[in-house]
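One structure is given here, and the rest of the page talks about it.
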Amino acid sequence: MAIERTFSIIKPDAVAKNVIGQIYSRFESNGLKIIAARMTQLSRAEAEQFYAIHRERPFFNDLVKFMISGPVMVQVLEGEDAIRKNRELMGATDPQKAEKGTIRADFADSIDANAVHGSDAPETAAVEISCFFPTLEIYTR
Ligand code: RTP
Ligand code: MG
């Protein structure tokens with residue numbers, strides 16, 4: 001299985017709940033290395049651009065409003081099968097439907113405030129990583 005990189009966001013709800021460390025610990029104990037990380041607050045333009053694929057969906061405005069409502073942690077995770085593994089650790093989009101023991105089942109309150117983002121494919125991972133981290137800020141040790 002190839003070593004991959006994926007892009008992750010700890011969303012404003014989870015940052016406000018003070019569970020950054022608990023979420024990082026799940027990445028680390030499941031073979032995902034944090035190779036870049038930063039706390040930031042997204043601008044409206046950044047959030048709209050980030051979720052542009054959902055622009056026509058009815059939930060788009062609420063999604064953008066939520067994503068800019070407070071600081072987030074953005075990070076690059078590296079490991080075997082990282083994209084799929086991170087999505088598995090995150091659980092389903094709707095925390096009510098997320099499997100027990102997943103990040104969303106344990107830390108998210110609703111489909112809107114669902115604790116984490118993770119890239120869904122190699123192409124989106126590459127684009128999302130390059131939007132947030134210049135190569136020099138990614139540490140491969
Ligand atoms: P994300 O992009 O944040 O990692 O979430 P995801 O892949 O699991 O879900 P996606 O389909 O990409 O949707 C992006 C975010 O939009 C909100 N959403 N609301 N009300 C709804 O039916 C609905 N569907 C999606 C969620 O907050 C989701 O994380
Ligand atoms: Mg998505």
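Please list, ordered by first then second residue, the pairs with beta carbon atoms under 9 Å, 6 or more apart or interchain, first in segment 1-18 and polar (S, T, N, Q), second assigned to a loop (DSSP other than H, G, I, E, B) and within 16 Å of ligand 1 (Cβ to nearest atom).
As it stands, the answer is THR6/LEU32; THR6/SER119; SER8/LEU32; SER8/SER119, since those pairs meet every condition given.
Among all residue pairs at least 6 apart or on different chains, which show Cβ distances below 8 Å where the first residue, located in segment 24-47, is basic (Lys, Arg) and the second is part of a loop (DSSP other than H, G, I, E, B) and at pLDDT 95 or above?
From segment 24-47, the pairs are ARG38/PHE133; ARG44/ILE68.
Just the residues that are within 11 Å of ligand 1 (Cβ to nearest atom) and part of a loop (DSSP other than H, G, I, E, B), please, taken from segment 87-101.
Of everything in segment 87-101, those that are within 11 Å of ligand 1 (Cβ to nearest atom) and part of a loop (DSSP other than H, G, I, E, B) turn out to be GLY91, ALA92, THR93, ASP94, PRO95, LYS97, ALA98.
Just checking, which of ASP81, ASP62 is out of contact with any Phe, Trp or Tyr (no Cβ under 9 Å at 6 or more places or on another chain) and surrounded by 14 or more Cβ atoms within 10 Å (Cβ to Cβ)?
Checking each option against the conditions leaves just ASP81.
Please enumerate the residues belonging to segment 36-47 that are closer than 14 Å to SER69 by Cβ and surrounded by 13 or more Cβ atoms within 10 Å (Cβ to Cβ).
Answer for segment 36-47, where residues must be closer than 14 Å to SER69 by Cβ and surrounded by 13 or more Cβ atoms within 10 Å (Cβ to Cβ): GLN41, LEU42, GLU46, ALA47.
Of the conditions (1) in a loop (DSSP other than H, G, I, E, B); (2) under 20 Å from ALA47 (Cβ atoms), HIS117 clears all except one; give me its number.
Going through the list (1) in a loop (DSSP other than H, G, I, E, B); (2) under 20 Å from ALA47 (Cβ atoms), HIS117 breaks only (1).
Just checking, which of GLU128, GLU99, GLU123, GLU88 is touching a Phe, Trp or Tyr at 6+ places or on another chain (Cβ under 8 Å) and either touching a residue at least 60 places away in the same chain (Cβ under 8 Å) or not basic (Lys, Arg) (or both)?
GLU128
Within segment 128-141, which residues are assigned to a helix (DSSP H, G or I) and either surrounded by 14 or more Cβ atoms within 10 Å (Cβ to Cβ) or more than 15 Å from ligand 2 (Cβ to nearest atom) (or both)?
Answer for segment 128-141, where residues must be assigned to a helix (DSSP H, G or I) and either surrounded by 14 or more Cβ atoms within 10 Å (Cβ to Cβ) or more than 15 Å from ligand 2 (Cβ to nearest atom) (or both): GLU128, ILE129, SER130, PHE132, THR135, LEU136, GLU137.
Condition check ((1) in contact with a helix residue (DSSP H, G or I) (Cβ under 7 Å, 6 or more places away or on another chain); (2) away from ligand 2 (no atom under 16 Å from the Cβ); (3) of a type in the set (Lys, Arg); (4) assigned to a loop (DSSP other than H, G, I, E, B)) across all residues:
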| position | (1), (2), (3), (4) |
| --- | --- |
| ALA37 | no, yes, no, no |
| GLN49 | no, no, no, no |
| LYS65 | no, yes, yes, no |
| MET73 | yes, yes, no, no |
| GLU123 | no, no, no, no |
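On the basis of being over 22 Å from PHE132 (Cα atoms) and out of contact with any helix residue (DSSP H, G or I) (no Cβ under 8 Å at 6 or more places or on another chain), does PHE107 make the cut?
No: the conditions fail for PHE107.
Could you grab me the full set of residues in segment 102-120 that are touching a Phe, Trp or Tyr at 6+ places or on another chain (Cβ under 6 Å) and either at pLDDT below 95 or surrounded by 20 or more Cβ atoms within 10 Å (Cβ to Cβ) (or both)?
ALA115, SER119
The values are calculated or read from the model by the stated rules, or taken from the named source; none is laboratory data. Just so we're clear, the structure is a prediction, and the values are computed from it rather than from any experiment. Virtual Cβ from ideal backbone geometry, glycine too; neighbours counted across all protein chains shown.
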